[in-house]
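Enquirer: Just dropping this structure here.
The values are calculated or read from the model by the stated rules, or taken from the named source; none is laboratory data. Since we're looking at a predicted model, the values are computed, not measured. Note: ideal-geometry Cβ built from the backbone for every residue, glycine included; neighbour counts use all protein chains shown.
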Amino acid sequence: MYILKQGLSKKERRQVEYILSEVIDLYGDFYATKNNIRISLRDNVDELFKYIQKGSKIVYNPESEKGLALVLKEKGFRTYIKILTKDEHEASNLLKIINWNTKEDLYIKIHKNNPIAKICQRQSYKFMGDRGSEILLCRKYIPRLEKKYDKDIKGE
């Protein structure tokens, strides 16, 4: 069962800290930018929790330590997704949860050789630009029709 939330309890913080200690950021893509300096969120857990308190959302499975994702809201104009995971299947699951529950345009800046880039492209993320060793991918939000319940249709 995946959780997508803003703000964490002490128990949830410990779970996230455990996941961060278990998963290695091989490609260096789990970071935030502050004053034009990249800050590794895996190595600076307090910064990660500050972002979550200020409006960013975290997605993880408390029954698994395979990885987590962050819907990062910085002061800039874009909302970025940052993924830290052990395997591609987990990355796909995290992206599905984010895509279904986020109602805004989403961006991912990721190293070209990171296998998660292909997963993103399979889930409707489009190539936006080349940034040297990285690429920028974007998924434009398209509002989907909300289901009407039988009660609403009958006018009750």
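Enquirer: Looking only at segment 28-38, which residues are free of Cβ contacts under 8 Å to residues at least 60 places away in the same chain, surrounded by 14 or more Cβ atoms within 10 Å (Cβ to Cβ) and either touching a helix residue (DSSP H, G or I) at 6+ places or on another chain (Cβ under 7 Å) or assigned to a loop (DSSP other than H, G, I, E, B) (or both)?
Expert: Matches in segment 28-38: PHE30, ALA32.
Enquirer: Considering only residues of segment 127-156 that are of a type in the set (Lys, Arg) and at pLDDT 65 or above, which is surrounded by the fewest Cβ atoms within 10 Å (Cβ to Cβ)?
Expert: Just the residues of segment 127-156 that are of a type in the set (Lys, Arg), to begin with: 131, 139-140, 144, 147-148, 151, 154.
In the following step, the residues that additionally are at pLDDT 65 or above were identified as 131, 139-140, 144, 147.
Numbers: ARG131: 12, ARG139: 21, LYS140: 10, ARG144: 8, LYS147: 6.
Among those that are of a type in the set (Lys, Arg) and at pLDDT 65 or above, it is LYS147.
Enquirer: Would you be able to say whether some residue in segment 104-111 is closer than 16 Å to GLY67 by Cβ, buried (at least 16 other Cβ atoms within 10 Å of the Cβ) and either under 9 Å from the mean Cα position of the chain (by Cα) or acidic (Asp, Glu) (or both)?
Expert: Yes, some residue in segment 104-111 is closer than 16 Å to GLY67 by Cβ, buried (at least 16 other Cβ atoms within 10 Å of the Cβ) and either under 9 Å from the mean Cα position of the chain (by Cα) or acidic (Asp, Glu) (or both).
So that you can scan it fast, the table gives a plain yes or no per residue for (1) farther than 21 Å from VAL16 by Cβ; (2) among the acidic types (Asp, Glu):
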{"residue": "TYR51", "(1), (2)": "no, no"}
{"residue": "THR79", "(1), (2)": "no, no"}
{"residue": "LEU95", "(1), (2)": "no, no"}
{"residue": "MET128", "(1), (2)": "yes, no"}
{"residue": "GLU134", "(1), (2)": "yes, yes"}
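Enquirer: Going by what's in this entry, would ASP25 be described as farther than 22 Å from TYR141 by Cβ, without any contact (Cβ under 8 Å) to a residue 12 or more places away in the chain and not in a strand (DSSP E or B)?
Expert: On the way: farther than 22 Å from TYR141 by Cβ: yes; without any contact (Cβ under 8 Å) to a residue 12 or more places away in the chain: no; not in a strand (DSSP E or B): yes.
No; evaluated as a whole, the condition is false for this residue.
Enquirer: Quick test for you: out of ASN93, ASN114, ASN101, pick the one residue that is touching a residue at least 24 places away in the same chain (Cβ under 8 Å), closer than 27 Å to ASN35 by Cα and over 9 Å from the mean Cα position of the chain (by Cα).
Expert: On the way: ASN93 fails: closer than 27 Å to ASN35 by Cα; ASN101 fails: closer than 27 Å to ASN35 by Cα.
Just one listed residue meets the conditions, ASN114.
Enquirer: Which of (1) loosely packed, with under 15 Cβ neighbours inside 10 Å; (2) touching an Asp or Glu at 6+ places or on another chain (Cβ under 7 Å); (3) among the β-branched types (Val, Ile, Thr) does THR79 not meet, given it meets every other one?
Expert: Of the numbered conditions (1) loosely packed, with under 15 Cβ neighbours inside 10 Å; (2) touching an Asp or Glu at 6+ places or on another chain (Cβ under 7 Å); (3) among the β-branched types (Val, Ile, Thr), the odd one out for THR79 is (1).
Enquirer: Any residue in segment 1-14 that is exposed (fewer than 12 other Cβ atoms within 10 Å of the Cβ) sitting within a Cβ distance under 7 Å of a residue that is of a type in the set (S, T, N, Q) and assigned to a loop (DSSP other than H, G, I, E, B)? List the pairs, counting only those 6 or more apart or interchain.
Expert: Short answer, once both residue conditions are applied: MET1/ASN61.
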